[in-house]
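Okay, so here's the structure we're looking at.
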Amino acid sequence: MSVKGQIGRRDFIRAAAALGIGGGIWKTAAREPGSMVWQLDPQQCVQCGRCATHCVLNPSAVKCVHSYPICGYCDLCGGYLQPGAKKRDTGAENELCPVSAITRTFIEPPFFQYTIDEDLCVGCAKCVKGCGLFGNGSLYLQIKQDLCVHCNECAIARACPAEAFQRIPAEQAYLLKTRPEGGPAQT
Amino acid sequence: MTVRNKTGKPIPAWVWGVATVIAIGVVVLLASKDWRRDPPQSFRYEVAQYERVDPSRVLFEEREPITPDVPGLTALATSPEGRIYAAGTNAVVVYGLDGREIARHAINGSPTCLAVTADGEILLGMTDHVEVLHADGKPKARWPSLGERAHLTSIAANGEDIYAADAGNRVVVRFDREGNVVQHIGKADASKGIPGFVVPSPYFDVTFDNTGTFWAVNPGRHGLESYRSSGALISAWYRPSIEAEGFSGCCNPSHVAFRSDGSLVTTEKGLARVKLYSVDQKLVGFVAQPATFHDSPMGAFSCKLETPLVDLAVDSKDRVLVLDANKNAIRIFEEKASE
Ligand code: SF4
Ligand code: SF4
Ligand code: SF4
């Protein structure tokens, strides 16, 4: 992981990518008030995987984020384990994430906490699909605005089959998932 | 400079024209096609193998559904004398076994669960409290709220006892017929061997079997637990697995109902399937497979869909009734005649 303030390898790649994109803007700080940024609507996303492969950056500026109030802290986590995993443990053969970006931490029986290592995550949405199908849908994708180079036309938006991408005000640059009204509270 | 061919003659203008058109065509083609690779196999979530069910394992066939003229159906119940009750936005509708509407009662709101007592009173779980209707649909009582965190997901009646599953507080509440809370069931207590309910989402079902024993789903542990009315744990069985024999995900089985022979019918969210278990908890077969609830095979795995199976009941003819939110209908499944 690059230390804040230092230009790390990833920053270099990002800068190089920005230079290579017509209209790309090299900027990781907050956008000017009134400007618009690209963001994807997690309710629209159908987890096609293109967020990982179609961003101008490699790895993608799209990352998995986790809404802990929605999470069930499940032992049999659909976002962490392969569908047919023989065991519910941290063995690599059981992990769903292709780049091992999710950490499973035991809390108390039978609860486990799942955290995303953003540096490793490539935004493939595999865990998002598993969590949505078999869990509470607490894992979802967002364009990380500190990574995004703000292309005039987002390359993923052009490829997204679900039309999940939109321009939103930079002051509210994320479309976050929260616990649905009336749903039972988690502790 | 004039460009000439090998014989020394100038290349005619039309050849240049054709070459230019071809070159432009190639450039346009290259620019318009998205040459980036599609996500590789390792980025795909594959569950198709679990979605496919051998047709020989499907033991039920579907009959004509009931399609209530009520928006947003949320709850289903049956009575021993062969009535079918469906609740949705501002209404409870009562049907006979032939699917004909017998009665319609206006209510306020959308019940989260529904049950009918032996004498025909209708119990409506209204998120944090229970409302009672007389058999003729007239309001009888509104029981006190169970608190801000309460979220009733299932209600079951047996004689004088009413049991309600409170997903918010992860406990089963036993009421008397007047709505007094008599007992809390299922709170974790190691000294009594009670593991505690794990309820990650609002899917927490309760029911009675054919002998009158009370059962509660422990959805986070992927199984069922039976309790005495005193709150003592009688037995439990859990089957966490994505294979057909088990229950997967965070909260399954999502709904359960017993048939008159003691066999158990279950629904699941995620992998929308309805299964039948024997009294000794072995998988007998499928009532309905995932494809039954989705027009397209991958529809079963679209994260944009909430689970279509919002409630389950068994009627007095042992048919399995599934409330399908996608179709806003009561889907009816009858066991195939044995050959
Ligand atoms: S391209 Fe669209 S549908 Fe595909 S993962 Fe990204 S947001 Fe979801
Ligand atoms: S499965 Fe994909 S989206 Fe999820 S954490 Fe791993 S790399 Fe990120
Ligand atoms: S605008 Fe789209 S393609 Fe460009 S860096 Fe941001 S997420 Fe990637």
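The values are calculated or read from the model by the stated rules, or taken from the named source; none is laboratory data. Note that the coordinates shown come from a computational prediction; the quantities given were computed from them, not determined experimentally. Here the Cβ positions follow ideal geometry from the backbone for every residue, glycine too, while neighbour counts run over all protein chains shown. Surface accessibility is based on the protein's heavy atoms, side chains included, excluding ligands, DNA and RNA. Shrake-Rupley method; radii C 1.70, N 1.55, O 1.52, S 1.80 Å.
For segment B:66-81, backbone phi angles converted through the Karplus equation (6.51, -1.76, 1.60; θ = phi - 60°) give residue-by-residue couplings of 9, 10, x, 8, 9, x, x, 5, 10, 8, 9, 8, 10, 10, x, 8 Hz, Gly and Pro being listed as x.
Placing a pseudo-label 7 Å from each Cα along the Cα-to-Cβ vector at B:E81 and B:L97 gives an inter-label distance of 1.4 nm. In this structure, the amide hydrogen of A:G123, modeled 1.01 Å from its nitrogen in the peptide plane, lies closer than 5 angstrom to those of A:C64, counting only residues at least 5 positions away or on a different chain. Contact order, relative form, for segment A:36-172: 43 percent (alpha carbon pairs under 8 Å, 6 or more residues apart, mean separation divided by residue count). Counting only the backbone N, which residues of segment B:231-262 are under 11 Å from the spot 7 Å out from the Cα of B:N210 toward its beta-carbon? So the set is B:258-262. The shape of segment B:60-335 comes out rounded: with a ≥ b ≥ c from the C-alpha gyration tensor, a/c is under 1.5. Legend: calculated FRET efficiency, B:A329 to B:Y238, from the Cβ-Cβ distance at R0 = 41 Å, rounded to 0.05, equals 0.80.
A Gaussian network model of chain B, with springs between Cα atoms under 10 Å, assigns the largest mean-square fluctuation among B:E268, B:E225, B:E61 to B:E61. Across peptide A:117-127, the mean count of Cβ atoms from other chains lying within 10 Å of each residue's own Cβ comes to 2. Normalised by the number of residues in chain B, what is the relative contact order in percent for Cα pairs under 8 Å and 6+ residues apart? So the answer I get is 14 percent.
For a paramagnetic label modelled on B:R149 (point 7 Å from Cα along Cα→Cβ), amide N atoms under 11 Å away are absent within segment B:222-259. Given axes a ≥ b ≥ c from the Cα gyration tensor, I'd like to know whether segment A:36-172 is rounded (a/c under 1.5), prolate (a/b larger than b/c) or oblate. Cα axes put segment A:36-172 in the prolate bin. Taking each residue as 0.36 nm, the span from B:Q281 to B:S230 lengthens on full extension beyond its C-alpha to C-alpha distance by 15.9 nm.
With a 1.4 angstrom probe, the accessible area lost at the B-A interface totals about 3200 Å².
A straight chain from B:D136 to B:A13 at 0.36 nm per residue would run longer than the Cα-Cα distance by 35.0 nm. Run the paramagnetic zone check for B:A106: 7 angstrom along Cα to Cβ, then residues of segment B:119-153 with backbone nitrogen under 13 Å. Under cut-off, by backbone N: B:138-139.
Taken over the protein assembly as shown, the percentage of Cα pairs per 20 Å bin, counting from 0 up to the bin with the maximum distance, is 20, 46, 24, 7, 2, 0. For A:F106 and B:E178, what does the FRET efficiency come to when R0 = 45 Å and r is the distance between their Cβ atoms, rounded to the nearest 0.05? So, using R0 = 45 Å, E works out to roughly 0.50.
Rounded to the nearest 10 degrees, the angle from helix B:13-32 to the longest Cα principal axis of chain B is 20 degrees.
For the pair B:R63 and A:E153, a Förster radius of 51 Å applied to the C-beta separation gives a FRET efficiency near 0.45, rounded to the nearest 0.05. Scaled against 2.2 N^0.38 Å for its residue count N, the alpha carbon radius of gyration of segment B:153-310 is 1.04.
Peptide B:249-258 shows a mean partner chain C-beta count of 3 within 10 Å per residue C-beta.
For the set A:K63/A:K177; B:K269/B:K327; B:K140/B:K317; B:K187/B:K282; B:K282/B:K327; A:K129/B:K275, the pairs lying more than 22 angstrom apart at their alpha carbons are B:K140/B:K317; B:K187/B:K282; B:K282/B:K327; A:K129/B:K275.
Sorting the segments B:249-262, B:92-105, A:121-134, A:154-167 by their mean number of nearby beta carbons within 10 angstrom, highest to lowest, gives A:121-134, B:249-262, A:154-167, B:92-105.
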